[in-house]
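The values are calculated or read from the model by the stated rules, or taken from the named source; none is laboratory data. No experiment lies behind these values; they were computed from the predicted model shown. Using ideal geometry, Cβ is built from the backbone for each residue, glycine included, and neighbour counts are taken over all protein chains shown.
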Amino acid sequence: MQQTMIQTRNAGTQPSSIGLAWPPRYDSWNNRVKGFASGLIDTPDKAHRMGDEIIRSWNSARTQSPTRLTVRAMVSSVLFDDGNPKVDGCLPTDSTMESLIRRLREEMGQSVRIEAGISLRHALPGFDLIYIGYNDESRLVAPEIRRTEQDVMSGISREIAPTTSEEAYSRIERANLRIERLSAPSDIEISRIAQLYRDTFQKYLFPINEATVGEIVGNSNLVLVGRNHSGEIISTLIAEHARMTVDNREMHMVELSEFATDRSYRGNGMITALQFRALEMLGGLYDPRSTVVYAESRAPWIPVNVAIRRAGFTFCGMVSQHCTIVSDRSPGMQYSGNYEDLSVWAHLPR
């Protein structure tokens with residue numbers, strides 16, 4: 001398959017979360033095979049060649065005993081027949097994508113499904129960014145936990161109304177907090193961010209230390225921090241960016257990630273305010289008509305999903321036990337293990 005995407009950032013600890021990673025590769029830290037298909041998947045032949053690569057990569061990694069597959073691809077709506085991607089296995093009968101998923105299930109296991117889908121209507125009309133996922137039996141949460149998470153996400157989407165940037169900024173100002181873009185961070189600032197992550201996460205999708213945090217911050221175009229009245233960093237947001245050439249046009253993928261807020265300052269709306277500021281600044285960095293902004297948040301932790309929804313994001317599905325994360329988990333979703341489900345949210349321009 002022709003490689004038509006260029007990644008601009010990879011921290012070296014895992015395959016890039018947003019840029020080109022094709023064919024799929026094994027990621028030992030998260031014990032998964034992960035890839036982002038290059039080129040547009042707009043014909044049945046391309047869809048089935050993508051399937052060939054998925055199966056080949058999975059079989060090649062079997063000696064490592066992976067328990068998870070995640071593949072993302074930009075897929076034409078016509079391959080779903082009715083023009084709408086169906087999340088969680090409900091696909092139009094006899095469509096190209098239904099045939100592909102059925103084939104992957106035969107080769108890998110019955111849990112293969114399309115877990116999430118982001119509409120690309122503003123950047124690439126007629127296409128959706130889909131997530132194909134698979135977990136073996138050792139990496140599945142109890143069905144009642146999954147249903148609880150899905151019900152909570154549906155409730156957040158339905159019942160939480162987006163706020164405005166003015167309201168978000170006013171809220172943190174009342175708490176005597178402020179937002180700042182972090183440029184050329186000092187060793188002390190890197191150390192503080194690393195400590196913030198260590199205090200927030202018992203395990204994370206990469207090793208948390210000054211070296212990895214410094215690399216991620218140094219390789220990111222946009223890093224925002226929240227500071228208290230003393231100037232201490234108490235919250236963070238990193239915008240990870242990949243520039244891609246798709247169908248002879250430039251596109252930008254931006255993931256808002258690495259959210260963390262000091263426990264003493266939670267409940268002041270800092271994550272929502274950071275996202276609003278990030279969206280404003282990204283509008284000046286990249287053409288909004290060719291930029292896809294999204295977030296993958298921890299499904300077992302309700303507050304972060306509420307914060308993302310309040311910033312105006314749309315819920316697009318959940319990826320199951322996607323990566324290594326252990327942190328606070330909300331009541332009803334306190335399952336054991338080192339992996340967590342992630343909720344996919346996208347900022348979709350009107």
Counting only residues that are surrounded by 15 or more Cβ atoms within 10 Å (Cβ to Cβ), touching a strand residue (DSSP E or B) at 6+ places or on another chain (Cβ under 8 Å) and not basic (Lys, Arg), the range 174-183 contains a total of 3
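For (1) surrounded by 18 or more Cβ atoms within 10 Å (Cβ to Cβ); (2) among the β-branched types (Val, Ile, Thr); (3) in a helix (DSSP H, G or I); (4) outside the structural domain of residue 67 (by TED's automatic domain parsing), each residue gets a yes or a no:
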site	(1), (2), (3), (4)
162	no, no, no, yes
166	no, no, yes, yes
172	yes, yes, yes, yes
185	yes, no, no, yes
196	yes, no, yes, yes
Do the conditions hold for residue 193, that is, is it among the β-branched types (Val, Ile, Thr), in contact (Cβ under 8 Å) with a residue 24 or more places away in the chain and in contact with a Phe, Trp or Tyr (Cβ under 8 Å, 6 or more places away or on another chain)?
-> no
Is it the case that residue 102 is under 20 Å from residue 319 (Cα atoms) and at pLDDT below 95?
-> yes
Test: residue in the range 244-267 that is hydroxyl-bearing (Ser, Thr, Tyr), surrounded by 21 or more Cβ atoms within 10 Å (Cβ to Cβ) and within 17 Å of the chain's Cα centre (by Cα) | no
Only residues in the range 219-232 that are outside any strand (DSSP E or B) count as the first member; pair them with residues that are charged (D, E, K, R), Cβ under 7 angstrom, at least 6 apart or cross-chain, and list the lot.
-> 219/9; 220/9; 220/240
Residue check for residue 321: on the phi > 0 side of the Ramachandran plot and either of a type in the set (S, T, N, Q) or assigned to a helix (DSSP H, G or I) (or both) = yes
